[in-house]
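The values are calculated or read from the model by the stated rules, or taken from the named source; none is laboratory data. Note that the structure is a prediction, hence the values are computed from the model and not measured. Neighbour counts run over all protein chains shown; Cβ positions are idealised from the backbone, glycine included.
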Amino acid sequence: MATGLENTNYGIEKIFADAEDFLPLNGTDHLELYVSNAKQAAHYYKTAFGFQSLAYSGLETGNKDYESYVVVQDKIRLVLTSPLKAGTPVGKHIDDHGDGVKVVALWVDDAEYSFNETVKRGAKPYLKPETKTDDHGEVKISGIHTYGETVHLFIERKNYQGVFLPGFKKWETTYNPLPIGLKFVDHMVGNVGWGEMNQWVEFYAKVMGFTQLISFDDKDISTDYTALMSKVMSNGNGRIKFPINEPAEGKKKSQVEEYLDFYAGAGIQHIAVATDNIIETVTAMYERGVEFLKVPATYYETVLDRVGEIDEDLEPLKELGILIDRDDEGYLLQIFTKPIEPRPTMFFEIIQRKGAQSFGKGNFKALFEAIEREQEVRGTL
């Protein structure tokens, strides 16, 4: 069974020289979402997003408190976890925040070193280093807190050959819709409270050795009604990128404020996943019922004047609502789903990079106006 990491090289080149990068990170190991119904959530991600069954933990594996379904597509692994009884930390998290990301697990060579180095630099411990074993070997795990109730786990799996982690068994099903071309996690965006962005920028720089790639202020990210500010942090090899948003003063309630109200605090706003063919991927997602934000057709009247020549025909991009932006390195194509949970909180971005290393600054105004139209319908603008 593929784990999604076989083709990743351990010798990863550092591409951002400013990153202190004392903490070697090989990539995103997995994301764990606490959800109210893991079985149904797994079915949704398989059906709508093209994930495949990978692993399971629950009553049948001796887990009496909660059950988890793991789904995989290329290098992306989602763990969907629900409580099996009342009064659990998982259940409280869902009560407080709704469905959302609890764990961003990072693949490392040495989980104990990663824990010690981050804690001595000021991280709050979440999980002291421990070793989990089964017939397939051992995995070492540790963890620290980050913004809100989100945590980072450090996963060392070089001595493990199992399907996912000890405590999980292979999950085999007859229902596995075809993948849709999602490759890996490109970046994960966190929303934090008023005036907290720089605090968490400093956290990722000091505690984890990241560098700041880009900064956007309320002049860059604003409409006639709402505004926000954002800074993008990355580790040295660029495998892990965390944009961090905070609200800014505007005439009405911004998307970040709406998120903070409904999530009841800071957390992961959206997960950006990469594809090599965004037209094929998004077409498949539409066919499977995924809903996307749409910008006005007038966006496409002038977009090529702004971004220049691209390889793709403009018409299918227009029909699907895919946005285009360019930086000094190339261009990118991106689109954003509507929130996929009952609360207007977490959503997904689908992104195809054609050289660009940026995050679509030229699309911010059109995108946020589209979000505002959704907020107006919800009565939360």
Would you be able to tell me the number of residues in the stretch 133-156 that are assigned to a loop (DSSP other than H, G, I, E, B) and closer than 20 Å to Tyr69 by Cα? 2
If you take the residues in the stretch 157-187 that are basic (Lys, Arg) and assigned to a loop (DSSP other than H, G, I, E, B), which one is farthest from Tyr69 (Cα to Cα)? Lys158
Could you tell me which residue of the stretch 82-125 is surrounded by the most Cβ atoms within 10 Å (Cβ to Cβ), considering only residues that are within 20 Å of Glu156 (Cα to Cα) and hydroxyl-bearing (Ser, Thr, Tyr)? Ser114
Screening Leu332, Leu323 for residues that are touching an Asp or Glu at 6+ places or on another chain (Cβ under 9 Å) and surrounded by 19 or more Cβ atoms within 10 Å (Cβ to Cβ) leaves only Leu332
Going through the stretch 63-97 in order, the residues found to be without any contact (Cβ under 8 Å) to a residue 40 or more places away in the chain and either over 19 Å from Phe168 (Cα atoms) or part of a loop (DSSP other than H, G, I, E, B) (or both) are Lys64, Asp65, Leu84, Lys85, Ala86, Gly87, Thr88, Pro89, Gly91, Lys92, Asp95
Can you go through Glu341, Glu374 and tell me which one is out of contact with any Phe, Trp or Tyr (no Cβ under 9 Å at 6 or more places or on another chain) and either assigned to a strand (DSSP E or B) or modelled with pLDDT under 95 (or both)? Glu374
Report the residue count in the stretch 181-231 for those that are within 20 Å of the chain's Cα centre (by Cα), of a type in the set (Gly, Ala, Ser) and modelled with pLDDT under 65. 0
